Amino acid sequence: MRDLFRRAPKTPTPEQKEHIEEAVQKTREGALGRISSLFREQVITGETWDQLEELLIQADVGPVTAMTLVERAREEVEREEIRTPVEAETAIRRQMVHILGEVDFVPVEDMPDGTVVLVVGVNGSGKTTSIAKLATYLHHQGRSVLLAAGDTFRAAAIDQLRVWAERVGVPIVAHQPEADPGAVVFDAIKAAQSRGAQIVLVDTAGRLHTKFNLMEELQKLKRVANKAAPDAPVVSLLVVDATTGQNAILQAKSFLQSVNVDGIVLTKLDGTAKGGVVFSVFNELKVPIWYIGTGEKPDAFAPFDHLQFVNALFE
Amino acid sequence: MFETLSDRLTDIFTGLRGKGVLTERDVDVAMREIRMALLEADVNFKVVKQFVKRVKERCIGSEVMKSLTPGQQVVKIVHEELLAVLGEPTRLEMSQTPPSIILLAGLQGAGKTTTAAKLANTLRKGGHHPLLAALDVYRPAAIDQLIALGKQLNIPVYSEGIKASPPKAAANAVQYARRNANTVVILDTAGRLHIDEQMMSELQEIERAVSPHEVLLVADAMTGQDAVHAAEAFHAAVNVTGLVLTKMDGDARGGAALSIREVTGVPIKYMGTGEKTDALEVFHPDRLAQRILGMGDVLSLIEKAQEQITEEEARSIEKKMRTATFDLDDFLKQMQQVRKMGPMAQLVEMIPGMRGAVKQMGGMPDMNDKQVKHIEAIITSMTRQERRNPGIIDGSRRKRIARGSGTSVQEVNQLLNQFKDVQKMMKQLTSGKMRIPKGLMGL
Ligand SMILES: Nc1nc2c(ncn2[C@@H]2O[C@H](COP(=O)(O)OP(=O)(O)OP(=O)(O)O)[C@@H](O)[C@H]2O)c(=O)[nH]1
Ligand SMILES: Nc1nc2c(ncn2[C@@H]2O[C@H](COP(=O)(O)OP(=O)(O)O)[C@@H](O)[C@H]2O)c(=O)[nH]1
Ligand SMILES: [Mg+2]
Ligand SMILES: [Mg+2]
């Protein structure tokens, strides 16, 4: 299913190149106002690189990825005779924008009727809220949605999704607490088919990726969904909290292995955390980021914009 | 990933061994490794800087340079410094005149509501009569969540619904507790961002309204670099008296706790180790230190093993391994138990030093359910004698076993080879070539 939704990597189009230039321009402008001692300097020193590396680490990009990015920028600087710290930073930004621009995908709003989206992730990452947001978003895009209350484990998780369904104005299929989530998913898909709802969003219980049984349960959910909707795509959306550190890489690996994550929702970007670890997730696993969450209201949600994301990392 | 700092430092110093006297430069190489390890563990980079500086000073001024095992010496210093920052386990501050008031605060999704229920459960076991108070009027069904948890535990929950003003409801909850002879009130608040001024001032109002004896900051063990910002802001707004680190049942290294502790000085009081209401543990600095250093996986592995294998079983297997009487019956049983714990390869990699051994063996066979069933069929088609002493299984026996189990001779061969590998591995383990904690012998 993965390949269906992912077009092959391609070289940047002229339009994308223009975007990159824009990003570069922003760097120049943004840098002028910066207090960072980095930009008081007119020449690149060892300190410049250390500070850039720290900037990346601070944004949770991770020490190894940060080092690699800085190393590559360093080579570029030597090759291209770049001399100012601003240009050094730009070199790193350009690399990151380029890497994140490598994969193209079909967003949920453009997926065919019958699509089932499993929303998965560790405890408390923002799955249920993201479903409310995605439902609102899809609704605005003219797609009809049905919610499946697949978290039958956590106390009052079903009630939480019910409240959202009511607020957003979309139908919901729910069973009793402790019920088999597979049965919920099956019923929800059948209900969507008979009512003509185009996209089913499945809330799942939060689970740590290290819990073998719970990950198997998730695989089972996917099998059930595939069986109930044999001709429709079943995609998995991993919800990652932007405050998460390097553990997000292990999370993504595990969920990828178990239910083949198609895209990521990066939540809680309204805080001070930058969510830089998803860059490393993408760099390593090529799982693209689809959407971002920027608050607790249902409209605090947007498609992921890699330029904006990279720029924010450096702010 | 699972290569520990200890392994890396040992490698570095082994490389330097021939050189004679170590210079400050050599020490710097080791410090770089420590820096990387801490950053990988999500310790805040400013905290890392300070920390590494302290370690370096100690290394240069100590016997490390002359030691025969400088790698181990450095690890020891790092470990000691980590413990110094993490501090001793600290108990909850309870009021002389009940009710004691405990306020929980933290970011969204950190685990406050669950922790409230866990604390109530623990305190009740200690003879308290807890009251839970639901002050999250914002997140949908947050109050229902606490009420459901209270019901599960049969612990009362005070709530004024979602129209209530949290500071007022907090004060009323305390009044209610007084009237009902509750000895402790646990206040569950809404998750909030530390930069949300309105919500932070609401938290201050709640604090003013009840003058809590404890304000516990609930933080997720998976938190990255940003942990210090949130913790500093919460500590500046209210008088945080303790930290609860949640979701420690995962594989996060938990460096955020070190950062928070270093920048706020607030003691870590509890660790959350699961979603159930009994999964709360008193903080163990030693375990967290090991985990931050990348050695903690062993402890979780032991825990995993303990969930599946009784102590008695483990002891008997340990003995069998030592006396080399581990047979195919044991092998099958082990495999079925290990299978319940997760993919074999992943488990084995958790053991420090094991990675190399596995690589040498050409990788660990990873088994799925079907394979386990096949193996089960093969082993049960053997005679008792064959299972005890696989050496006697010759060509004709192999054919018979394959027929009996509905498998092929190749599969039987493969299994017997695998068993040989396991035996070899066990010999290595028991001969002390690999460092492996006692509790793990059961594997
Ligand atoms: N500030 C902020 N808070 C968010 C965002 N997304 C979710 N939250 C909050 O984070 C908390 C957890 O969100 P949930 O949607 O319940 O998370 P979940 O992953 O469904 O949690 P479990 O089902 O308990 O594992 C709630 O308090 C949400 O309001 C976001 O983008 N920004
Ligand atoms: N695995 C695990 N999950 C936890 C732990 N503590 C809380 N959770 C889960 O994390 C999620 C958020 O917890 P909750 O108490 O609702 O967080 P709150 O928003 O801070 O009140 C829920 O799914 C909880 O079940 C823990 O120690 N381990
Ligand atoms: Mg949820
Ligand atoms: Mg809560």
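The values are calculated or read from the model by the stated rules, or taken from the named source; none is laboratory data. Keep in mind that this is a model prediction, so the values were computed, not measured. Here the Cβ positions follow ideal geometry from the backbone for every residue, glycine too, while neighbour counts run over all protein chains shown. These accessible areas exclude ligands, DNA and RNA; they are computed on the full protein's heavy atoms, side chains included. Shrake-Rupley method; radii C 1.70, N 1.55, O 1.52, S 1.80 Å.
Summary of values
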{"quantity": "Neighbours by Cβ (under 6 Å, 6+ apart or cross-chain): first from segment A:197-214, without any contact (Cβ under 8 Å) to a residue 40 or more places away in the chain; second within 12 Å of ligand 2 (Cβ to nearest atom)", "calculated": "A:Leu214/A:Arg207"}
{"quantity": "Any chance B:Thr114 is touching a residue at least 40 places away in the same chain (Cβ under 8 Å), touching a helix residue (DSSP H, G or I) at 6+ places or on another chain (Cβ under 8 Å) and hydroxyl-bearing (Ser, Thr, Tyr)", "calculated": "yes"}
{"quantity": "Helices (runs of 4 or more DSSP H) wholly inside segment B:322-435 containing at least 2 residues that are modelled with pLDDT of 60 or more and open to solvent by 70 Å² or more (accessible area, probe 1.4 Å)", "calculated": "B:328-341, B:369-380, B:384-388, B:395-405, B:409-430"}
{"quantity": "Check on B:Ala181, away from ligand 3 (no atom under 16 Å from the Cβ) and at pLDDT 95 or above", "calculated": "yes"}
{"quantity": "Scope segment A:88-100; condition buried (at least 20 other Cβ atoms within 10 Å of the Cβ) and of a type outside the set (Val, Ile, Thr); matching residues", "calculated": "A:Ala88, A:Glu89, A:Ala91, A:Arg93, A:Met96, A:Leu100"}
{"quantity": "Search result, residues across segment A:42-85 that are more than 30 Å from A:Ala248 (Cα to Cα), part of a helix (DSSP H, G or I) and open to solvent by 10 Å² or more (accessible area, probe 1.4 Å)", "calculated": "A:Gly46, A:Val77, A:Glu78, A:Arg79, A:Glu80"}
{"quantity": "Condition met for A:Arg162 (in contact with a strand residue (DSSP E or B) (Cβ under 7 Å, 6 or more places away or on another chain), within 16 Å of ligand 1 (Cβ to nearest atom) and of a type in the set (D, E, K, R))", "calculated": "yes"}
{"quantity": "From A:Asn247, A:Asn213, A:Asn226, A:Asn260, residue being modelled with pLDDT under 95 and of a type outside the set (D, E, K, R)", "calculated": "A:Asn213"}
{"quantity": "Residue ranges of strands (runs of 3 or more DSSP E) in segment A:242-315 with at least 3 members hydrophobic (A, V, I, L, M, F, W, C) and within 22 Å of B:Asp226 (Cα to Cα)", "calculated": "A:261-267"}
{"quantity": "Which numbered condition A:Gly245 misses (of (1) within 16 Å of ligand 1 (Cβ to nearest atom); (2) within 10 Å of chain B (Cβ to nearest Cβ))", "calculated": "(1)"}
{"quantity": "Out of B:Lys118, B:Lys125, B:Lys56, B:Lys49, sole residue that is open to solvent by 30 Å² or more (accessible area, probe 1.4 Å) and within 14 Å of chain A (Cβ to nearest Cβ)", "calculated": "B:Lys49"}
{"quantity": "Strands (runs of 3 or more DSSP E) wholly inside segment B:206-282 that include at least 1 residues being more than 16 Å from ligand 3 (Cβ to nearest atom) and open to solvent by 20 Å² or more (accessible area, probe 1.4 Å)", "calculated": "B:268-272, B:280-282"}
{"quantity": "B:Leu131 being buried (at least 24 other Cβ atoms within 10 Å of the Cβ) and either aliphatic (A, V, I, L, M) or under 21 Å from the mean Cα position of the chain (by Cα) (or both)", "calculated": "yes"}
{"quantity": "Residue that is nearest to ligand 2 (Cβ to nearest atom) [pool: residues in segment B:86-115 that are open to solvent by 20 Å² or more (accessible area, probe 1.4 Å) and among the charged types (D, E, K, R)]", "calculated": "B:Arg91"}
{"quantity": "Residue within segment A:101-119 that is in contact (Cβ under 8 Å) with a residue 12 or more places away in the chain, within 13 Å of ligand 3 (Cβ to nearest atom) and within 12 Å of chain B (Cβ to nearest Cβ) present", "calculated": "no"}
{"quantity": "Failed criterion for A:Tyr137 (all others in (1) under 20 Å from the mean Cα position of the chain (by Cα); (2) open to solvent by 30 Å² or more (accessible area, probe 1.4 Å); (3) within 11 Å of chain B (Cβ to nearest Cβ) hold)", "calculated": "(3)"}
{"quantity": "Residue in segment B:208-215 that is among the hydroxyl-bearing types (Ser, Thr, Tyr) and under 28 Å from B:His235 (Cβ atoms) present", "calculated": "yes"}
{"quantity": "Number of the condition not met by B:Val185 [criteria: (1) within 13 Å of ligand 4 (Cβ to nearest atom); (2) in a strand (DSSP E or B)]", "calculated": "(1)"}
{"quantity": "Members of segment B:134-171 found to be outside any helix (DSSP H, G or I), more than 8 Å from chain A (Cβ to nearest Cβ) and surrounded by fewer than 20 Cβ atoms within 10 Å (Cβ to Cβ), listed by number", "calculated": "B:Val137, B:Asn154, B:Pro156, B:Glu160, B:Gly161, B:Ile162, B:Lys163, B:Ala164, B:Ser165"}
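The rows are residues; the columns are (1) more than 10 Å from chain B (Cβ to nearest Cβ); (2) aliphatic (A, V, I, L, M); (3) within 16 Å of ligand 3 (Cβ to nearest atom); (4) crowded, with 18+ Cβ neighbours inside 10 Å.
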position	(1), (2), (3), (4)
A:Ile199	yes, yes, no, yes
A:Glu216	no, no, no, no
A:Ser258	yes, no, no, yes
A:Gly263	yes, no, no, yes
A:Lys268	no, no, yes, yes
A:Lys274	no, no, no, yes
A:Gly293	yes, no, yes, yes
A:Asp305	yes, no, no, no
A:Glu315	yes, no, no, no
